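Worksheet: one structure, shown below.
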Amino acid sequence: MTRAWEQIIKENRQAVLDRWTTSVIAMLPGSLNHGSLVAAAIAEELGGLLDAVSDRSLSATEPIVRITRILAVQDLPPSKALSILFGLKGLVDGLPAACGEPFRDRLEELTLQAFDSYMKHREAIYQLKVDEGRRRMHMALRRVEA
Amino acid sequence: MSKYALKPDELNKEFEQKKPRILKGEFAGKDWWDLPVEFRDGNWCFPAKPEVLEEIGFPNPRKWAATDADWQLPKDWEKTIREGMKSRLKRFRSFKLFMDTCVRCGACADKCHFFLGTGDPKNMPVLRAELVRSVYRNDFTALAKLLKSFSGSRTLTVEVIKEWHMYFNQCTECRRCSVFCPMGIDTAEITMMVRELLNLIGVNNNWIMAPVANCNRTGNHLGIEPHTFEQNVMSLVDDIEELTGVTVNPTFNRKGAEILFITPSGDLFGDPGVYTMMGYLLLFHHIGLDYTISTYASEGGNFGMFTSNEMMKKLNAKMYHEAKRLGVKWILGGECGHMWRVVHQYMETMNGPADFLKEPVSPITGTKFTNAKSTRMVHIAEFTADLIKHGKLRLDPKRNDHLRTTFHDSCNVARGMGMFEEPRYVLNKVCNVFHEMPENTIREQTFCCGSGSGLNAEEFMDIRMRGGFPRANAVKYVKEKHKVDSLVTICAIDRASLPTLMKYWNPGVSVYGLHELVGNALVMEGEKKRTEDLRENPMAGFGEGDDDE
Ligand code: SF4
Ligand code: SF4
């Protein structure tokens, strides 16, 4: 019997995570971003996300919200930002062919979740612009609304 | 040439060896400056409207956008930039020094919040400065003329201007990098110079220029006229009465008052600035201060600082003019960041000496503010700290028990004037729960909010969220470790921009001005039972059913 893909990821967690982190950070502009705080934050969040990918008993919601919060304001097109989970597929060594499909299904499921979350963050950015404008005009609006 | 001088190829070799990795062209065989600059939604601020520039007589008014291929620069723009640079190298010795002395040690490289939050190498202070230094070397130094092959110099092109616009508008002039530079290079001053140069050819930012034009016309950033200004303050007076039962009595343009109070106009118009204003009004009433507010010098902030020295000087002049006209003894200044950089570093030489004013002395405690001897203007945090130290305020810090606080040092007050302890002293006397953020993110190493120096435009939100990431990350730390939910600050731009930053990165953290918390804690004579703070949020343990203390 082939081993489950979840097991393979767990056994090789650090190696997979390192490769994944490197590939995601490489998407950011510039070649020196490894030393930046945003790179460190991405690395941290990817660890949590990887655990949730391979263990359904862990909630993926929080890691997804956190990583998409970072990605939604980077200099990256959404298609690239949201490709991170699919990118994981090619990074796991020794994945038996039979595992391909269930693994892909899991990544698809989480990508759709990530899409929702990414969109929420983008909407938050637009809402923040509106709110900031209102806060700036606080007294004028108060007079108008009185 | 001296026989001891290095030969061109030796010099070149040394240069190659010494410069940090980033300058060595690890960009697929290209030079670092060949990395393309691309303007996209969210990474540039809208340019000044033509009518705004016409109003203040700034050059090249036109309709354009950073995403346009043709920026419609004036015909002889290269000459303007070269001559502008030449004149500034002569007039500002610091600029010349900063162009010449960088040893490329790289100590500043990872200190800038824009680099840390974007990962973009051109946001390393050393590279940011190199963007202009490379042109300087080419055009102004004998060395580059002698050594044609000397790497690190380049000619001035439209692409260079675009790059300057991109990266000198991703520097908030916060000076964090300068703290770590062994040569004392202040990239903020380089940014100021480059923004001046860009303004000479009409490359600018409406978020900066519109407040400048408004300030020039009516005295404040929003262009509010005197009667509206006064109405706003008076409606805050009504709010105070409703909440506390106490009627405070500010006066406007009153001749013969002892003190002129000037604060950024955001405190009179914006949320949460207005609550800080309510705090000042309560404080002044509490101690019976003889003060007045001017409807002409109605802005503490000075966006002129982000355009040109001349404009900064012009907008600043109203402070002394008004103090003289009203015949006050000295000026008290509210919570602001860049206002204090202008006041502390430039005002006295630009518009002083203010010998018609007296050396500031607190009328309540008798303390002489000798540090303000030359400017004759005292920071409210010092003033209040002195009052507390002398036991002149009746405070109940429990009234802020609904808040778990931390303190954000505003760059300009912390690094620009070295004030670290006074606001902390006040904060610790007016609230019971306070936790510092990590050491390398506070005091002189404080991280900028990411929106300073006129970059808090809404259309610039993505960059602001990236630039503010290091600050947000430090707040996240105390939020998770100590359940901090209140970020206290003494800067109007922080009060405007940090709520947005917090809502994005750290939902659940609110932003407060220091004197708002002072206002909450002040036990006023004749007050009614206080159950709500100045925002009308319930105080903990002061509800209707709770015992009076
Ligand atoms: S002054 Fe501040 S924003 Fe500008 S380069 Fe230095 S650290 Fe960065
Ligand atoms: S720390 Fe100072 S000397 Fe060193 S690279 Fe930066 S600006 Fe140059």
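Every number in this text was worked out from the coordinates using simple rules, so none of it is lab data. Given the structure is predicted, the values throughout are model-derived calculations rather than measurements. With ideal geometry, Cβ positions are generated from the backbone for all residues, glycine too; neighbour counts draw on all protein chains shown.
Going down the table (A:Lys120/B:Lys483; B:Lys79/B:Lys162; B:Lys429/B:Lys503), which pairs top 19 Å between alpha carbons? Could you put the intermediate results ahead of the total?
Values: A:Lys120/B:Lys483 25 Å; B:Lys79/B:Lys162 17 Å; B:Lys429/B:Lys503 28 Å.
Pairs exceeding the cut-off: A:Lys120/B:Lys483; B:Lys429/B:Lys503.
Per residue, how big is the convex hull around the C-alpha atoms of chain B? Give it to me in cubic angstrom, could you? Spell out each step's value before the answer.
Details: hull volume 84.1 nm³, N = 549.
Value for chain B: 153 Å³ per residue.
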Quick query: amide H of B:Gly337 versus all other amide H atoms, modeled in the peptide plane; which residues come in under 5 Å with a sequence gap of 5 or more or a different chain?
B:Ala492, B:Ile493
List, in order, the whole-Hz ³J(HN,Hα) value for each residue of region B:58-73 obtained from phi through the Karplus relation with A = 6.51, B = -1.76, C = 1.60 and θ = phi - 60°; use x for Gly and Pro.
8, x, 6, x, 5, 8, 7, 9, 4, 7, 5, 6, 9, 8, 6, 6
Give or take rounding to whole Å, what are the principal axis extents of the alpha carbon atoms in region B:156-307, in descending order?
63, 36, 30
Per DSSP, loop trypsin sites (Lys or Arg not before Pro) in region A:50-146 with at most 12 further Cβ within 10 Å:
A:Arg56
Given pairs A:Lys80/B:Lys479; B:Lys398/B:Lys528; B:Lys368/B:Lys392; B:Lys96/B:Lys314; B:Lys479/B:Lys528; B:Lys318/B:Lys358 and cut-off 22 Å on Cα-Cα distance, the over-length ones are A:Lys80/B:Lys479; B:Lys96/B:Lys314; B:Lys479/B:Lys528
Looking at region B:211-521 only, what percent of DSSP beta bridges run antiparallel? Nearest 5 please.
5 percent
Can you divide the C-alpha Rg of region B:211-521 by 2.2 N^0.38 Å and report the result to two decimal places?
0.93
Label zone at B:Arg535, where the point sits 7 Å out along the Cα-to-Cβ direction: region A:120-140 residues whose backbone N lies under 17 Å
A:128, A:131-139
Return the Rg/Rh value of region B:203-244, two decimal places, where both radii are evaluated on C-alpha atoms and Rh is the Kirkwood radius.
1.23
Residue by residue through B:451-462, how many Cβ atoms from other chains fall within 10 Å of the Cβ on average?
2
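Let me spell out the model: positive unit charges on the Cβ of Lys and Arg, negative unit charges on the Cβ of Asp and Glu, origin at the Cα centre of region B:22-204. What dipole size does that give, in debye rounded to 20?
Details: 28 positive and 24 negative charges, 147 e Å.
Computed charge dipole of region B:22-204: roughly 700 debye.
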From the backbone phi of region A:15-21, what are the Karplus-calculated ³J(HN,Hα) couplings (6.51 cos²θ - 1.76 cosθ + 1.60, θ = phi - 60°) in whole Hz, Gly and Pro given as x?
5, 5, 4, 4, 5, 5, 4
Starting from the amide H of B:Leu332, placed 1.01 Å from N in the peptide plane, find each other amide H under 5 Å away whose residue is 5 or more places distant or on another chain.
B:Leu260, B:Phe261, B:Ile262, B:Val378
Over all distinct alpha-carbon pairs, what is the Kirkwood Rh of region B:22-204 in angstrom?
17.1 Å
Net +/- balance of residues flanking B:Phe420 in space, Cβ distance below 14 Å, scoring K and R +1, D and E -1:
-4
Given N residues in the protein assembly as shown, what is Rg(Cα) / (2.2 N^0.38 Å)?
1.03
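If packing is taken as the average count of other Cβ atoms within 10 Å, what order do B:350-359, B:504-513, B:440-449 fall into, highest mean first?
Working: B:350-359: 14.3, B:504-513: 20.2, B:440-449: 22.1.
So the peptides B:350-359, B:504-513, B:440-449, ranked by packing, come out B:440-449, B:504-513, B:350-359.
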Could you work out the percent of alpha carbon pairs in region B:420-538 separated by over 23 Å, rounded to a whole number?
33 percent
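Using only Cα atoms, what Kirkwood radius does chain A have, in angstroms?
Details: mean 1/r = 0.0589 Å⁻¹.
For chain A, the Kirkwood estimate is 17.0 Å.
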